[in-house]
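Input: a single structure, listed below in structure tokens.
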Amino acid sequence: MKINQHYLQLETSYLFTMIGKKVAAFQEQHPDVSIIRLGIGDVTLPLCPAVVQALESASKEMGTAETFHGYGPEQGYDFLKGKIAGYYAERNVMLEEDEIFVSDGAKSDLGNILDLFDADNTVLVPDPVYPVYVDTNIMAGRRIIFANADASNGFLPLPDEKTDADIIYICSPNNPTGAVYDHAGLKEWVEYAKKRDAVILFDAAYESFVADPTLPRSIYEVEGAKEVAIEFCSFSKTAGFTGTRCGYTIVPKALVRGGVMLNSLWLRRQTTKFNGVPYIIQRGAEAVFSEEGRRQTLANIDYYRQNARILADTLDRLGIRYTGGKNSPYIWMECPNGMKSWDFFDYLLENAGVVGTPGAGFGANGEGYFRLTAFNNHQNTAEAAKRIEKLLGGCSK
Ligand code: PLP
């Protein structure tokens, strides 16, 4: 028996462990300081009433023989796929229901999709970015190259004709930088992928935070994208499903590589290795698209947007450069005075009792940056902003 040696090449995931340890040590030494966490990537508002009601009534259905549901279709129930298709149609993206695959969240599918690709592909990952893309490819032993995201390109790298990649990750709105591609940027990637016969894995987990109507929420808003891209989305941040688990992946039938529809391969993979999302949860997700559900989830997103505005306004007053915060729950700020990410983490914790995430944890280009999230409540966010302003107000940038 030989283990998968590639697992030994993974770096110990120390980012959130390290943050936890530092915060715990500080709290022990300063029990009277109230620490405010703006480092979390989890939502804090509860599920909206329309979703809760749908979960309750679906649970009751499960207790009666006539309405009980056992194994469902692996790809998701039609009632939910129909609603997802309708949501895309509002933006003139027409999807067939069998191009939509309901899942237990974007993270699983982002990892599982790699089953479809040979280990001998080169993967292009933006730096900095959500660490799952890198780790899942290390596990499979794939060659990884990086697309530099930095202040010079607004943290939105564009294709470089010299780079030869087979699989390309794009996350927009981006975690951690909050940067969002416009149509022109995505079009460049679509054309690049088409030229190289590459596949784009487009992570749209934060699409519902896009407030600017001119910005794309889906890569399929760009012409020709169905021939090159798979899109991953989630109810986690849209509707607070981080603990309820539901998402979806779109594999267009127009996406053909090596003479094979990736849609057929993904269906084969899912029907073999996945037995679907619980009926109750899918009913809850369906309620997100009801009139009430839409209104209630939008109100929650708006609540987080207001938090982002509080933080962004503070940084504006301080003259600190940042990306994100307008079409994203993340604010990616430059550490003041050329401080390194972890030094700024310590400085902010020790002098303001505010916790964020050091940018260096998201890739080499994250050094010197810091991520703040809008997912805390108004009161804590306003208090954290006040403390940050007080602390950094005296700093020369
Ligand atoms: N994609 C990005 C960019 C994320 O930041 C996250 C979670 O934080 C996910 C995917 C995972 O989403 P899910 O909860 O649907 O697994």
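The values are calculated or read from the model by the stated rules, or taken from the named source; none is laboratory data. Here the structure is a predicted model, which is why all the values come from computation and not from measurement. Virtual Cβ from ideal backbone geometry, glycine too; neighbours counted across all protein chains shown. In case anyone asks, the SASA skips ligands and DNA or RNA and just uses the protein heavy atoms, side chains included. Shrake-Rupley method; radii C 1.70, N 1.55, O 1.52, S 1.80 Å.
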Criterion: at pLDDT 95 or above, surrounded by 11 or more Cβ atoms within 10 Å (Cβ to Cβ), more than 30 Å from TYR303 (Cα to Cα) and of a type outside the set (D, E, K, R) - qualifying residue of LEU95, LEU80: LEU95
Residues located in segment 135-169, provided they are within 22 Å of LYS195 (Cα to Cα) and among the aliphatic types (A, V, I, L, M): ILE144, ILE145, ALA147, LEU156, LEU158, ALA165, ILE167, ILE168
All positions within segment 107-166 that are of a type in the set (Lys, Arg) and out of contact with any Gly (no Cβ under 9 Å at 6 or more places or on another chain): ARG142, ARG143, LYS162
Scope segment 132-143; condition surrounded by 18 or more Cβ atoms within 10 Å (Cβ to Cβ) and either in a loop (DSSP other than H, G, I, E, B) or of a type in the set (Lys, Arg) (or both); matching residues: ARG142
VAL228 vs. criteria in contact with a Lys or Arg (Cβ under 6 Å, 6 or more places away or on another chain) and of a type in the set (A, V, I, L, M): yes
Residue count, segment 295-314 (criterion: surrounded by 15 or more Cβ atoms within 10 Å (Cβ to Cβ), closer than 15 Å to LEU372 by Cβ and among the polar types (S, T, N, Q)): 2
Inter-residue pairs, beta-carbon under 7 Å, first closer than 14 Å to HIS183 by Cα and in segment 201-215, second surrounded by fewer than 19 Cβ atoms within 10 Å (Cβ to Cβ), 6+ apart: LEU215/ASP182
Subset of segment 88-125 [within 16 Å of the ligand (Cβ to nearest atom) and assigned to a helix (DSSP H, G or I)]: ALA106, LYS107, SER108, ASP109, LEU110, GLY111, ASN112, ILE113, LEU114
Subset of segment 226-273 (residues that are more than 14 Å from the ligand (Cβ to nearest atom), among the small types (Gly, Ala, Ser) and in contact (Cβ under 8 Å) with a residue 12 or more places away in the chain): ALA229, ALA254
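Listed here are the residues, each with its yes/no results for (1) touching a residue at least 40 places away in the same chain (Cβ under 8 Å); (2) hydrophobic (A, V, I, L, M, F, W, C).
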position	(1), (2)
GLN9	yes, no
ILE19	yes, yes
ALA24	no, yes
GLN29	no, no
GLY41	yes, no
SER59	yes, no
GLN75	yes, no
TYR88	yes, no
ARG91	yes, no
Residue within segment 49-71 that is part of a loop (DSSP other than H, G, I, E, B), within 16 Å of the ligand (Cβ to nearest atom) and not charged (D, E, K, R) present: no
Any hit, segment 46-64, residues being open to solvent by 30 Å² or more (accessible area, probe 1.4 Å) and under 30 Å from GLY20 (Cβ atoms): yes
Residue list for segment 240-254, restricted to those being among the aliphatic types (A, V, I, L, M) and either open to solvent by 10 Å² or more (accessible area, probe 1.4 Å) or more than 30 Å from VAL52 (Cβ to Cβ) (or both): VAL251, ALA254
Scope segment 197-217; condition of a type in the set (Val, Ile, Thr) and within 16 Å of the ligand (Cβ to nearest atom); matching residues: ILE200, VAL210
Residue match in segment 218-225 (condition: under 17 Å from the mean Cα position of the chain (by Cα) and either in contact (Cβ under 8 Å) with a residue 60 or more places away in the chain or within 16 Å of the ligand (Cβ to nearest atom) (or both)): yes
Selection within segment 315-332 - over 21 Å from ASP212 (Cα atoms) and either open to solvent by less than 20 Å² (accessible area, probe 1.4 Å) or in a helix (DSSP H, G or I) (or both): ARG317, LEU318, ILE320
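In segment 153-168, is there at least one residue being under 26 Å from LYS83 (Cα atoms) and either more than 16 Å from the ligand (Cβ to nearest atom) or outside any loop (DSSP other than H, G, I, E, B) (or both)?
There is no residue in segment 153-168 that is under 26 Å from LYS83 (Cα atoms) and either more than 16 Å from the ligand (Cβ to nearest atom) or outside any loop (DSSP other than H, G, I, E, B) (or both).
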Cβ pairs under 7 Å, 6+ apart, first in segment 128-152 and more than 17 Å from ASP109 (Cβ to Cβ), second within 16 Å of the ligand (Cβ to nearest atom) and of a type in the set (Gly, Ala, Ser): PRO128/ALA149; PRO128/GLY359; PRO128/GLY363; PRO128/GLY366
Members of segment 127-168 found to be at pLDDT below 95 and of a type in the set (Asp, Glu), listed by number: ASP135, ASP160, GLU161, ASP164
